[in-house]
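Visitor: I have a structure I would like to understand better, so I am pasting it below and will then ask my questions one at a time.
Every number in this text was worked out from the coordinates using simple rules, so none of it is lab data. Please read all numbers here as calculations on a predicted model, not as lab measurements. Neighbour counts run over all protein chains shown; Cβ positions are idealised from the backbone, glycine included.
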Amino acid sequence: MAGRRRGGPQPVARIALTGGVASGKSTVARLFAALGARLIDTDQVARDVVAPPSPALDRIVARFGSGVLQPDGTLDRAALRRIVFSDDTARRDLESIMHPAIAAEVARQSAAAAGPYQLIAIPLLVETGTAGDYDRVLLVDAQPATQRARLMLRDGMTPAAAERMLAAQASREARRAIAHDIIDNDGDVAQLAPQVETLHRRYLALDAR
């Protein structure tokens, strides 16, 4: 994913925001953005870098075939997900295409961004081994049981499908091991705001040093 810029001073502090599926990363990101943080969402970047015309999209089609395209020529993300979900080789091939493209675009946006600090949302931070590229790592944490319940409610998944999705990601323990800061999101949204506000003040101070 994103690499920290070398060879010059950092204009603002860069915080990696991560967490497992259905942990509440998007909600936390919105709360930070409302307080003035500059948000770079790698999920959105991932969609942008395959918008046609796109070299990344061309490479995906060359690897996986035209069946991963919608009739209008855009990427059929659901079809591609079905291919890579149960095929580790296919998943690694996709990552070898997407990760460099995403990293380049995140670096471009980061270099151009202002704001008191930057919050870079990176769901696969553990998997990509890039935690050390950021000033701090913020983890949105939830119990696996909470994640499963949210997946079933939000996406209509069966318990078995939700369990497979959780098993395909880095473990909760691995995410906690790289985190400098942790937001507990086993409760409702009202419990998030005070945690976000406390960290927002901490990150403003980090930038001021």
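Visitor: Among Ser26, Ser96, which comes first, then next, by fewest other beta-carbon atoms within 10 Å?
Guide: Ser96, Ser26
Visitor: Using only the Cα atoms of the stretch 77-165, build the gyration tensor, take square roots of its eigenvalues as a ≥ b ≥ c, and label the shape rounded, prolate or oblate: rounded if a/c is under 1.5, else prolate if a/b is larger than b/c, else oblate.
Guide: Oblate.
Visitor: Still on this model: Does a label point 7 Å from the Cα of Ser96, set along Cα-to-beta-carbon, have any residues of the stretch 41-60 with amide nitrogen under 14 Å, and which are they?
Guide: Counting backbone N atoms under 14 Å from the label point, the list is 59-60.
Visitor: May I ask which residue of Thr89, Gly156, Thr27 lies farthest towards the positive end of the charge dipole of the chain, with charges of +1 (Lys, Arg) and -1 (Asp, Glu) on Cβ and the Cα centre as origin?
Guide: Farthest along the dipole direction, towards plus: Thr27.
Visitor: List the DSSP H helices in the chain whose Cα atoms stretch 18 Å or more along the helix axis and whose mean Kyte-Doolittle hydropathy is at least -1.0.
Guide: Membrane-span-like by this criterion, though nothing is claimed about a membrane: 88-112, 192-208.
Visitor: Which percent, to the nearest 5, of DSSP beta bridges fully inside the chain are antiparallel?
Guide: 5 percent
Visitor: Charges only on Cβ, +1 for Lys and Arg, -1 for Asp and Glu: so what's the dipole of the chain about the Cα centre, in debye to the nearest 20?
Guide: It works out to roughly 340 debye.
Visitor: Can you list, bin by bin at 5 Å, the percent of alpha carbon pairs in the chain, starting at 0?
Guide: 1, 7, 14, 17, 19, 17, 13, 8, 3, 1, 0
Visitor: Taking the Cβ of each residue in Asp141, Asp48, Asp72 as the centre, tally the other Cβ atoms inside 10 Å and list the residues starting with the fewest.
Guide: So the ranking, lowest neighbour count to highest, is Asp72, Asp48, Asp141.
Visitor: Specify the inter-centroid distance of the stretch 131-209 and the stretch 86-126, based on alpha-carbon positions, in whole Å.
Guide: Answer, in whole Å: 18.
Visitor: In addition: For Cα pairs less than 8 Å apart in space and 6+ apart in sequence, what is the mean separation divided by the residue count of the stretch 51-114, i.e. the relative contact order in percent?
Guide: 27 percent
Visitor: Now for a different question. Given the DSSP H assignment, sum -39500 (n - 2.57) over each helix run of at least 4 residues in the chain and divide by its residue total; what's the result at 222 nm in deg cm²/dmol, nearest 500?
Guide: For the chain, the value works out to -16000 deg cm²/dmol.
Visitor: Applying 1/(1 + (r/R0)^6) with R0 = 30 Å to the Cβ-Cβ distance of Thr89 and Met152, what FRET efficiency is obtained, to the nearest 0.05?
Guide: Using R0 = 30 Å, I get an efficiency of 0.55.
Visitor: Next up: Provide the FRET efficiency to the nearest 0.05 for the Thr27-Arg63 pair, computing r from the beta carbons and using R0 = 25 Å.
Guide: Rounded to the nearest 0.05, the efficiency is 0.15.
Visitor: Moving on to the next point. How would you classify the stretch 57-105 from its alpha-carbon gyration tensor, with a ≥ b ≥ c the square roots of the eigenvalues: rounded for a/c under 1.5, else prolate if a/b is greater than b/c, otherwise oblate?
Guide: Note, shape of the stretch 57-105 comes out oblate.
Visitor: Apply the a/c threshold of 1.5 to the C-alpha gyration tensor of the stretch 93-139 and tell me whether it is rounded, prolate or oblate.
Guide: oblate
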